[in-house]
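Chemist: I have a structure here, written as C-alpha coordinates, and I will follow up with some questions on it.
The values are calculated or read from the model by the stated rules, or taken from the named source; none is laboratory data. Values in this document were obtained by computation on a predicted structure and should not be read as measured data. All Cβ positions, even for glycine, are placed from backbone atoms using ideal geometry, and neighbour counts span all protein chains on display.
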Amino acid sequence: MASFDGRPLGELSGSGAVLFLRSPSVITTSVKFEAGGEVTFVVGSRAVILSGLSGNSAGPLVTESFERLNKACDIVASRGYRGGVVSDPIEEHVVWWHEEAKTVLRLWSAWTTTGTLRAGSPAALSSQDWHESLRYFRMSEETDDLFDAFRNVYLGIESALSALVPVQLRPDGRPSEGEGAWLKRALSVLSGSIDLHAYAPGQDPDPIQDVFDDLYGRVRTAVFHAKTNRPVALPLDLANRDMVSSAKIRYTRLLGDLMRVTLGVQFQWGGLTRAFMDEAMKEIVGNWQLFVTSDSSPATSDDTRTSPRGERVEVVAARRAPELDQGRWFSVAGRLSVSEMEVIGRFGAINADGDLAGVEFLGAVGLDGIDEVEVAIAARQLNGNQPRSAYLT
(Lines give C-alpha, C1' and ligand atoms only; values in the text may rest on other atoms or scores of the structure.)
Protein backbone atom coordinates (compact mmCIF):
# COMPACT_ATOMS: atom_id res chain seq x y z
CA MET A 1 0.00 0.00 0.00
CA ALA A 2 1.23 3.52 -0.80
CA SER A 3 2.45 5.38 2.25
CA PHE A 4 3.84 8.64 3.56
CA ASP A 5 6.56 8.35 6.21
CA GLY A 6 5.30 4.85 6.91
CA ARG A 7 1.67 5.92 7.31
CA PRO A 8 -0.73 4.26 4.82
CA LEU A 9 -2.41 6.61 2.37
CA GLY A 10 -5.59 4.51 2.44
CA GLU A 11 -7.40 2.86 -0.42
CA LEU A 12 -6.10 4.20 -3.72
CA SER A 13 -9.46 3.54 -5.35
CA GLY A 14 -10.27 7.15 -4.39
CA SER A 15 -8.34 10.38 -4.50
CA GLY A 16 -6.46 11.91 -1.61
CA ALA A 17 -3.84 14.33 -0.39
CA VAL A 18 -1.13 15.01 2.14
CA LEU A 19 -1.11 18.60 3.35
CA PHE A 20 1.02 20.15 6.06
CA LEU A 21 0.56 22.13 9.25
CA ARG A 22 2.92 24.99 10.06
CA SER A 23 3.83 23.21 13.30
CA PRO A 24 3.60 19.53 14.29
CA SER A 25 0.20 18.27 15.40
CA VAL A 26 -0.36 18.13 19.17
CA ILE A 27 -2.81 15.24 18.91
CA THR A 28 -3.28 11.88 17.18
CA THR A 29 -6.84 11.70 15.93
CA SER A 30 -9.00 11.48 12.84
CA VAL A 31 -11.99 13.47 11.66
CA LYS A 32 -14.56 11.67 9.52
CA PHE A 33 -16.83 13.60 7.18
CA GLU A 34 -20.45 12.74 6.51
CA ALA A 35 -19.89 13.13 2.77
CA GLY A 36 -17.15 10.48 3.03
CA GLY A 37 -13.45 10.62 3.62
CA GLU A 38 -11.21 11.00 6.62
CA VAL A 39 -8.57 13.45 7.86
CA THR A 40 -5.83 11.88 10.00
CA PHE A 41 -3.50 13.75 12.35
CA VAL A 42 -0.49 12.21 14.11
CA VAL A 43 1.10 13.86 17.12
CA GLY A 44 4.54 15.29 16.34
CA SER A 45 3.99 15.32 12.57
CA ARG A 46 3.23 18.26 10.29
CA ALA A 47 1.80 15.90 7.66
CA VAL A 48 -1.96 15.34 7.61
CA ILE A 49 -3.39 12.60 5.37
CA LEU A 50 -6.75 13.19 3.70
CA SER A 51 -8.42 10.18 2.08
CA GLY A 52 -11.69 9.69 0.24
CA LEU A 53 -11.67 12.98 -1.65
CA SER A 54 -13.81 13.49 -4.74
CA GLY A 55 -11.53 15.49 -7.03
CA ASN A 56 -10.36 13.79 -10.22
CA SER A 57 -7.42 16.07 -11.03
CA ALA A 58 -4.74 17.91 -9.09
CA GLY A 59 -6.18 21.43 -9.09
CA PRO A 60 -9.62 20.60 -7.65
CA LEU A 61 -7.99 18.18 -5.20
CA VAL A 62 -5.74 20.87 -3.78
CA THR A 63 -8.70 23.19 -3.22
CA GLU A 64 -10.91 20.43 -1.77
CA SER A 65 -8.22 19.12 0.58
CA PHE A 66 -7.27 22.59 1.84
CA GLU A 67 -10.89 23.43 2.66
CA ARG A 68 -11.48 20.06 4.31
CA LEU A 69 -8.32 20.19 6.41
CA ASN A 70 -9.19 23.66 7.68
CA LYS A 71 -12.60 22.41 8.74
CA ALA A 72 -10.96 19.46 10.49
CA CYS A 73 -8.59 21.83 12.30
CA ASP A 74 -11.60 23.91 13.40
CA ILE A 75 -13.20 20.76 14.83
CA VAL A 76 -10.01 19.73 16.63
CA ALA A 77 -9.72 23.23 18.14
CA SER A 78 -13.32 22.99 19.39
CA ARG A 79 -12.27 20.02 21.54
CA GLY A 80 -9.72 22.06 23.45
CA TYR A 81 -6.60 21.29 21.39
CA ARG A 82 -4.49 23.57 19.24
CA GLY A 83 -5.95 22.86 15.81
CA GLY A 84 -2.91 24.21 14.01
CA VAL A 85 -2.41 26.47 11.01
CA VAL A 86 -2.44 24.85 7.59
CA SER A 87 0.49 25.58 5.31
CA ASP A 88 -0.56 27.16 2.03
CA PRO A 89 -0.78 24.24 -0.45
CA ILE A 90 0.91 26.40 -3.09
CA GLU A 91 4.07 25.89 -1.04
CA GLU A 92 3.90 22.13 -0.47
CA HIS A 93 1.51 19.29 -1.10
CA VAL A 94 1.10 15.70 -2.23
CA VAL A 95 -2.05 14.63 -4.07
CA TRP A 96 -3.09 11.51 -5.95
CA TRP A 97 -5.88 10.80 -8.40
CA HIS A 98 -6.89 8.48 -11.24
CA GLU A 99 -6.21 9.24 -14.87
CA GLU A 100 -6.83 6.84 -17.76
CA ALA A 101 -6.79 3.74 -15.55
CA LYS A 102 -3.57 4.93 -13.86
CA THR A 103 -3.01 6.24 -10.37
CA VAL A 104 -0.95 9.42 -10.53
CA LEU A 105 0.73 10.99 -7.49
CA ARG A 106 2.03 14.56 -7.56
CA LEU A 107 4.89 15.93 -5.45
CA TRP A 108 4.76 19.72 -5.31
CA SER A 109 7.02 22.35 -3.81
CA ALA A 110 7.29 26.12 -4.30
CA TRP A 111 10.23 28.41 -3.58
CA THR A 112 10.44 32.16 -3.03
CA THR A 113 13.39 34.49 -3.35
CA THR A 114 13.22 38.14 -2.29
CA GLY A 115 15.46 40.89 -3.62
CA THR A 116 15.92 44.23 -1.87
CA LEU A 117 17.74 47.30 -3.13
CA ARG A 118 18.40 50.12 -0.66
CA ALA A 119 20.29 53.34 -1.27
CA GLY A 120 21.89 53.47 2.18
CA SER A 121 20.21 54.06 5.53
CA PRO A 122 17.65 56.83 6.11
CA ALA A 123 18.76 60.07 7.70
CA ALA A 124 18.04 60.70 11.39
CA LEU A 125 14.31 60.52 11.97
CA SER A 126 12.13 62.71 14.16
CA SER A 127 9.17 61.81 16.36
CA GLN A 128 7.37 64.67 14.61
CA ASP A 129 6.96 62.25 11.69
CA TRP A 130 4.72 59.96 13.78
CA HIS A 131 1.00 59.53 13.24
CA GLU A 132 -1.41 56.78 14.32
CA SER A 133 -1.83 55.67 10.71
CA LEU A 134 1.83 54.58 10.70
CA ARG A 135 1.04 51.93 13.32
CA TYR A 136 -1.64 50.42 11.10
CA PHE A 137 0.72 50.46 8.12
CA ARG A 138 3.51 48.76 10.07
CA MET A 139 1.23 46.03 11.38
CA SER A 140 -0.12 45.39 7.88
CA GLU A 141 3.44 44.59 6.79
CA GLU A 142 4.44 42.63 9.91
CA THR A 143 1.45 40.35 10.38
CA ASP A 144 1.55 36.89 8.79
CA ASP A 145 -2.19 36.88 8.03
CA LEU A 146 -3.52 38.40 4.80
CA PHE A 147 -6.94 39.35 6.16
CA ASP A 148 -5.38 40.98 9.22
CA ALA A 149 -3.08 42.90 6.86
CA PHE A 150 -6.02 44.22 4.86
CA ARG A 151 -7.87 45.25 8.01
CA ASN A 152 -4.85 47.28 9.11
CA VAL A 153 -4.50 48.89 5.69
CA TYR A 154 -8.16 49.91 5.78
CA LEU A 155 -7.83 51.33 9.30
CA GLY A 156 -4.66 53.16 8.26
CA ILE A 157 -6.54 54.78 5.38
CA GLU A 158 -9.37 55.68 7.74
CA SER A 159 -6.91 57.19 10.23
CA ALA A 160 -4.92 59.25 7.72
CA LEU A 161 -7.97 60.29 5.73
CA SER A 162 -9.76 61.56 8.83
CA ALA A 163 -6.78 63.85 9.46
CA LEU A 164 -7.45 65.39 6.03
CA VAL A 165 -11.26 65.24 6.13
CA PRO A 166 -12.59 65.04 9.72
CA VAL A 167 -15.93 63.35 10.34
CA GLN A 168 -18.71 65.91 10.76
CA LEU A 169 -20.01 65.99 14.33
CA ARG A 170 -23.21 67.09 16.04
CA PRO A 171 -23.12 69.53 18.96
CA ASP A 172 -23.16 66.55 21.36
CA GLY A 173 -20.01 65.13 19.75
CA ARG A 174 -21.69 62.25 17.94
CA PRO A 175 -21.11 61.78 14.16
CA SER A 176 -23.65 63.56 11.97
CA GLU A 177 -22.84 61.36 8.95
CA GLY A 178 -22.57 57.63 8.52
CA GLU A 179 -19.26 55.90 7.92
CA GLY A 180 -20.00 55.24 4.27
CA ALA A 181 -21.14 58.79 3.62
CA TRP A 182 -18.01 60.17 5.29
CA LEU A 183 -15.68 57.89 3.33
CA LYS A 184 -17.23 58.81 0.00
CA ARG A 185 -17.01 62.53 0.84
CA ALA A 186 -13.40 62.11 2.00
CA LEU A 187 -12.42 60.26 -1.18
CA SER A 188 -13.94 63.09 -3.20
CA VAL A 189 -11.74 65.59 -1.33
CA LEU A 190 -8.70 63.33 -1.69
CA SER A 191 -9.22 63.07 -5.46
CA GLY A 192 -8.20 66.72 -5.68
CA SER A 193 -4.67 65.71 -4.58
CA ILE A 194 -4.35 62.09 -5.73
CA ASP A 195 -5.46 60.50 -8.99
CA LEU A 196 -7.67 57.65 -7.74
CA HIS A 197 -7.66 55.98 -11.16
CA ALA A 198 -4.37 54.34 -10.09
CA TYR A 199 -6.17 52.43 -7.30
CA ALA A 200 -9.59 51.84 -8.86
CA PRO A 201 -10.28 48.25 -10.01
CA GLY A 202 -12.00 49.52 -13.16
CA GLN A 203 -15.59 48.52 -12.45
CA ASP A 204 -16.98 52.06 -12.64
CA PRO A 205 -15.85 54.97 -14.86
CA ASP A 206 -15.98 57.30 -11.85
CA PRO A 207 -12.79 56.51 -9.84
CA ILE A 208 -14.30 57.87 -6.60
CA GLN A 209 -17.32 55.59 -6.88
CA ASP A 210 -15.11 52.73 -8.08
CA VAL A 211 -12.74 52.91 -5.10
CA PHE A 212 -15.64 53.37 -2.68
CA ASP A 213 -17.59 50.38 -4.01
CA ASP A 214 -14.52 48.16 -3.97
CA LEU A 215 -12.77 49.26 -0.77
CA TYR A 216 -15.82 49.83 1.41
CA GLY A 217 -18.71 47.99 -0.22
CA ARG A 218 -16.99 44.83 -1.40
CA VAL A 219 -13.73 43.98 0.37
CA ARG A 220 -14.13 45.76 3.71
CA THR A 221 -17.67 44.45 4.19
CA ALA A 222 -16.64 40.87 3.40
CA VAL A 223 -13.56 40.94 5.68
CA PHE A 224 -15.01 42.89 8.63
CA HIS A 225 -18.40 41.15 8.87
CA ALA A 226 -19.66 37.57 9.25
CA LYS A 227 -23.46 37.75 9.12
CA THR A 228 -25.28 34.77 7.66
CA ASN A 229 -26.63 35.32 4.13
CA ARG A 230 -24.26 38.24 3.55
CA PRO A 231 -21.05 38.29 1.44
CA VAL A 232 -18.35 36.99 3.76
CA ALA A 233 -14.63 36.41 3.19
CA LEU A 234 -13.91 33.52 5.54
CA PRO A 235 -10.28 33.39 6.74
CA LEU A 236 -8.22 30.83 4.78
CA ASP A 237 -10.96 30.56 2.13
CA LEU A 238 -9.16 30.26 -1.20
CA ALA A 239 -12.20 31.57 -3.08
CA ASN A 240 -11.70 35.10 -1.70
CA ARG A 241 -7.94 35.17 -1.26
CA ASP A 242 -7.11 36.75 -4.61
CA MET A 243 -9.70 39.49 -4.06
CA VAL A 244 -8.30 40.40 -0.64
CA SER A 245 -4.66 40.11 -1.75
CA SER A 246 -5.19 42.38 -4.74
CA ALA A 247 -7.03 44.93 -2.61
CA LYS A 248 -4.34 44.84 0.10
CA ILE A 249 -1.56 45.64 -2.38
CA ARG A 250 -3.56 48.30 -4.22
CA TYR A 251 -4.74 50.12 -1.10
CA THR A 252 -1.36 49.92 0.62
CA ARG A 253 -0.14 52.13 -2.21
CA LEU A 254 -3.11 54.41 -1.72
CA LEU A 255 -2.28 54.61 2.00
CA GLY A 256 1.31 55.52 1.13
CA ASP A 257 0.21 58.35 -1.17
CA LEU A 258 -2.38 59.47 1.35
CA MET A 259 0.22 59.74 4.11
CA ARG A 260 2.51 61.63 1.74
CA VAL A 261 -0.23 64.19 1.08
CA THR A 262 -1.53 64.52 4.63
CA LEU A 263 1.59 63.86 6.73
CA GLY A 264 4.56 64.42 4.43
CA VAL A 265 5.69 60.78 4.86
CA GLN A 266 7.85 59.53 1.98
CA PHE A 267 7.90 55.77 1.42
CA GLN A 268 11.01 54.45 -0.29
CA TRP A 269 9.30 52.05 -2.66
CA GLY A 270 11.09 51.13 -5.84
CA GLY A 271 13.57 48.57 -7.14
CA LEU A 272 13.23 46.31 -10.17
CA THR A 273 9.85 46.25 -11.86
CA ARG A 274 7.49 43.35 -11.34
CA ALA A 275 7.43 42.64 -15.09
CA PHE A 276 11.24 42.44 -15.27
CA MET A 277 11.47 40.14 -12.25
CA ASP A 278 8.71 37.88 -13.56
CA GLU A 279 10.28 37.51 -17.01
CA ALA A 280 13.65 36.73 -15.42
CA MET A 281 12.09 34.05 -13.23
CA LYS A 282 10.25 32.49 -16.19
CA GLU A 283 13.57 32.15 -18.03
CA ILE A 284 15.35 30.66 -15.01
CA VAL A 285 12.59 28.14 -14.29
CA GLY A 286 12.26 27.23 -17.96
CA ASN A 287 15.84 25.92 -17.98
CA TRP A 288 15.41 23.59 -15.02
CA GLN A 289 15.39 19.83 -15.08
CA LEU A 290 13.80 17.90 -12.23
CA PHE A 291 14.96 14.91 -10.23
CA VAL A 292 13.77 12.43 -7.62
CA THR A 293 15.77 10.17 -5.36
CA SER A 294 15.12 7.47 -2.81
CA ASP A 295 17.37 9.43 -0.43
CA SER A 296 15.36 10.65 2.59
CA SER A 297 18.01 13.04 3.90
CA PRO A 298 16.40 16.28 5.17
CA ALA A 299 16.78 19.18 2.74
CA THR A 300 18.96 22.08 3.87
CA SER A 301 19.68 25.53 2.44
CA ASP A 302 23.34 24.64 1.81
CA ASP A 303 22.66 21.39 -0.08
CA THR A 304 24.84 20.92 -3.16
CA ARG A 305 24.08 17.27 -3.97
CA THR A 306 20.88 15.64 -5.14
CA SER A 307 21.57 12.63 -2.88
CA PRO A 308 23.98 13.17 0.03
CA ARG A 309 23.86 9.42 0.76
CA GLY A 310 24.70 8.48 -2.83
CA GLU A 311 21.37 6.75 -3.43
CA ARG A 312 19.60 6.30 -6.72
CA VAL A 313 18.66 9.50 -8.55
CA GLU A 314 16.27 9.70 -11.49
CA VAL A 315 16.31 12.80 -13.73
CA VAL A 316 12.83 13.83 -14.82
CA ALA A 317 12.48 15.59 -18.17
CA ALA A 318 10.80 18.88 -17.30
CA ARG A 319 8.69 21.34 -19.25
CA ARG A 320 7.43 24.81 -18.51
CA ALA A 321 3.93 24.28 -17.16
CA PRO A 322 2.07 27.60 -17.52
CA GLU A 323 -1.22 25.83 -16.76
CA LEU A 324 0.10 25.40 -13.20
CA ASP A 325 1.20 29.03 -12.79
CA GLN A 326 -0.63 30.95 -10.07
CA GLY A 327 -0.18 34.68 -9.68
CA ARG A 328 3.57 35.26 -9.73
CA TRP A 329 4.44 31.59 -9.33
CA PHE A 330 6.02 30.08 -12.46
CA SER A 331 6.05 26.31 -12.75
CA VAL A 332 7.87 23.38 -14.28
CA ALA A 333 6.62 19.81 -14.23
CA GLY A 334 7.54 16.35 -15.42
CA ARG A 335 6.39 12.77 -15.03
CA LEU A 336 8.07 9.43 -14.59
CA SER A 337 6.96 5.83 -14.37
CA VAL A 338 7.60 4.36 -10.95
CA SER A 339 7.69 0.72 -11.99
CA GLU A 340 11.30 0.45 -10.81
CA MET A 341 11.16 2.76 -7.78
CA GLU A 342 9.75 1.84 -4.40
CA VAL A 343 10.26 5.07 -2.46
CA ILE A 344 10.82 8.72 -3.28
CA GLY A 345 12.35 10.97 -0.66
CA ARG A 346 14.06 14.13 -1.90
CA PHE A 347 13.08 15.85 -5.13
CA GLY A 348 14.11 19.12 -6.70
CA ALA A 349 15.54 21.03 -9.64
CA ILE A 350 18.85 21.18 -11.51
CA ASN A 351 19.75 24.41 -13.32
CA ALA A 352 21.13 24.90 -16.83
CA ASP A 353 24.72 24.55 -15.52
CA GLY A 354 23.96 21.19 -13.98
CA ASP A 355 24.06 22.53 -10.43
CA LEU A 356 21.44 21.98 -7.76
CA ALA A 357 18.87 24.80 -8.02
CA GLY A 358 16.91 23.60 -5.01
CA VAL A 359 15.80 20.50 -3.16
CA GLU A 360 12.75 19.50 -1.11
CA PHE A 361 12.00 16.67 1.28
CA LEU A 362 8.37 16.45 2.39
CA GLY A 363 8.60 12.87 3.60
CA ALA A 364 9.33 9.34 2.37
CA VAL A 365 6.64 8.41 -0.15
CA GLY A 366 6.07 4.68 -0.62
CA LEU A 367 4.89 4.06 -4.18
CA ASP A 368 3.15 0.68 -3.92
CA GLY A 369 0.03 1.01 -6.10
CA ILE A 370 1.16 4.26 -7.78
CA ASP A 371 1.71 4.13 -11.56
CA GLU A 372 3.14 7.58 -12.30
CA VAL A 373 4.66 10.39 -10.29
CA GLU A 374 4.31 13.99 -11.37
CA VAL A 375 6.99 16.28 -9.98
CA ALA A 376 6.10 19.97 -10.06
CA ILE A 377 8.03 22.94 -8.71
CA ALA A 378 6.98 26.59 -8.75
CA ALA A 379 9.19 29.60 -8.05
CA ARG A 380 8.72 33.33 -7.69
CA GLN A 381 10.85 36.37 -7.03
CA LEU A 382 9.51 39.17 -4.85
CA ASN A 383 10.69 42.76 -4.55
CA GLY A 384 11.52 43.63 -0.95
CA ASN A 385 11.24 47.32 -1.81
CA GLN A 386 7.51 47.00 -2.50
CA PRO A 387 4.50 46.56 -0.18
CA ARG A 388 4.28 43.04 1.13
CA SER A 389 2.28 40.63 -1.00
CA ALA A 390 3.07 37.19 0.51
CA TYR A 391 1.41 36.01 3.74
CA LEU A 392 1.45 32.68 5.55
CA THR A 393 -2.33 32.50 6.13
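Chemist: Which residues, taken from region 242-263, are surrounded by fewer than 19 Cβ atoms within 10 Å (Cβ to Cβ), basic (Lys, Arg) and closer than 20 Å to Gln203 by Cα?
Modeler: Within region 242-263, just Arg253 meets the criteria.
Chemist: Where the second residue is surrounded by 14 or more Cβ atoms within 10 Å (Cβ to Cβ) and part of a loop (DSSP other than H, G, I, E, B) and the first is assigned by TED's automatic domain parsing to the domain that holds Ser193 and lies in region 161-172, which pairs have Cβ atoms under 8 Å and are six or more apart or on separate chains?
Modeler: Ala163/His131; Val167/Glu177; Gln168/Glu177
Chemist: Please state which one of Gly55, Gly36, Gly59 is in contact with a Leu (Cβ under 7 Å, 6 or more places away or on another chain), farther than 18 Å from Tyr81 by Cβ and not hydroxyl-bearing (Ser, Thr, Tyr).
Modeler: Matching residue, one of Gly55, Gly36, Gly59: Gly55.
Chemist: Restricting the search to region 234-265, which residues are modelled with pLDDT under 85, part of a loop (DSSP other than H, G, I, E, B) and over 16 Å from Leu161 (Cα atoms)?
Modeler: Hit for region 234-265 is Asp237, nothing else.
Chemist: Moving on. Every residue in region 41-68 that is among the aliphatic types (A, V, I, L, M) and exposed (fewer than 15 other Cβ atoms within 10 Å of the Cβ), please.
Modeler: Val43
Chemist: A further question on this structure: What are the residues in region 348-376 that are farther than 29 Å from Ala275 by Cα and either part of a loop (DSSP other than H, G, I, E, B) or of a type in the set (A, V, I, L, M, F, W, C) (or both), if any?
Modeler: Phe361, Leu362, Ala364, Val365, Leu367, Asp368, Gly369, Ile370, Asp371, Val373, listed by residue number.
Chemist: What is the one condition in (1) touching a strand residue (DSSP E or B) at 6+ places or on another chain (Cβ under 9 Å); (2) surrounded by fewer than 19 Cβ atoms within 10 Å (Cβ to Cβ); (3) over 29 Å from Ser245 (Cα atoms) that Ser389 does not satisfy?
Modeler: (3)
Chemist: What residue, of Val189, Val244, Val211, is among the β-branched types (Val, Ile, Thr) and either within 18 Å of Pro387 (Cα to Cα) or under 23 Å from the mean Cα position of the chain (by Cα) (or both)?
Modeler: Val244
Chemist: Within the set of pairs 6+ apart or on separate chains, which have a first residue in region 298-323 that is farther than 13 Å from Arg346 by Cα and assigned to a helix (DSSP H, G or I), a second that is among the hydrophobic types (A, V, I, L, M, F, W, C) and at pLDDT below 90, and C-beta atoms under 9 Å apart?
Modeler: Correct list of pairs: Pro322/Phe330.
Chemist: Among the residues of region 49-104, write down those that are more than 18 Å from Leu9 (Cα to Cα), in contact with a strand residue (DSSP E or B) (Cβ under 8 Å, 6 or more places away or on another chain) and among the polar types (S, T, N, Q).
Modeler: Asn70, Ser87
Chemist: Let me ask something additional. Tell me yes or no: at least one residue of region 218-225 is part of a helix (DSSP H, G or I), of a type in the set (S, T, N, Q), touching a Ser or Thr at 6+ places or on another chain (Cβ under 9 Å) and not assigned by TED's automatic domain parsing to the domain that holds Asp353.
Modeler: No; the residues of region 218-225 include none that is part of a helix (DSSP H, G or I), of a type in the set (S, T, N, Q), touching a Ser or Thr at 6+ places or on another chain (Cβ under 9 Å) and not assigned by TED's automatic domain parsing to the domain that holds Asp353.
Chemist: Quickly run through region 155-213 and pick out the residues that are among the basic types (Lys, Arg) and modelled with pLDDT of 90 or more.
Modeler: Lys184, Arg185
Chemist: Sticking with this one: Taking Thr221, is it over 19 Å from the mean Cα position of the chain (by Cα) and closer than 30 Å to Glu67 by Cα?
Modeler: yes
Chemist: Give Ile75, Ile49, Ile90 a once-over and let me know the one that is under 19 Å from Asp5 (Cα atoms) and not assigned by TED's automatic domain parsing to the domain that holds Leu324.
Modeler: After applying the criteria, what remains is Ile49.
Chemist: Another question, if that's okay. When you look at Leu367, is it hydrophobic (A, V, I, L, M, F, W, C) and over 15 Å from the mean Cα position of the chain (by Cα), yes or no?
Modeler: It is true that Leu367 is hydrophobic (A, V, I, L, M, F, W, C) and over 15 Å from the mean Cα position of the chain (by Cα).
Chemist: Restricting the search to region 1-36, which residues are surrounded by fewer than 20 Cβ atoms within 10 Å (Cβ to Cβ) and among the polar types (S, T, N, Q)?
Modeler: Across region 1-36, the qualifying residues are Ser3, Ser13, Ser23, Thr28, Thr29, Ser30.
Chemist: Another question about this same structure. What number of residues within region 205-248 satisfy the criterion of being farther than 18 Å from Ile90 by Cβ and of a type in the set (Ser, Thr, Tyr)?
Modeler: 3
Chemist: Among the acidic types (Asp, Glu), part of a loop (DSSP other than H, G, I, E, B), under 19 Å from the mean Cα position of the chain (by Cα) and surrounded by fewer than 18 Cβ atoms within 10 Å (Cβ to Cβ): which single residue out of Asp144, Asp172 fits that description?
Modeler: Of the residues listed, the single one that is among the acidic types (Asp, Glu), part of a loop (DSSP other than H, G, I, E, B), under 19 Å from the mean Cα position of the chain (by Cα) and surrounded by fewer than 18 Cβ atoms within 10 Å (Cβ to Cβ) is Asp144.
Chemist: Follow-up question, since we're still on this one. How about region 18-46: which of its residues are in contact (Cβ under 8 Å) with a residue 60 or more places away in the chain and of a type outside the set (D, E, K, R)?
Modeler: Val18, Leu19, Phe20, Leu21, Ser23
Chemist: With respect to Ile208, is the statement that it is assigned by TED's automatic domain parsing to the domain that holds Leu255, among the β-branched types (Val, Ile, Thr) and not in a helix (DSSP H, G or I) true?
Modeler: No; evaluated as a whole, the condition is false for this residue.
Chemist: Identify, by number, the condition in (1) in a helix (DSSP H, G or I); (2) closer than 30 Å to Lys71 by Cα that Asn229 doesn't meet.
Modeler: That leaves (1) as the condition not met.
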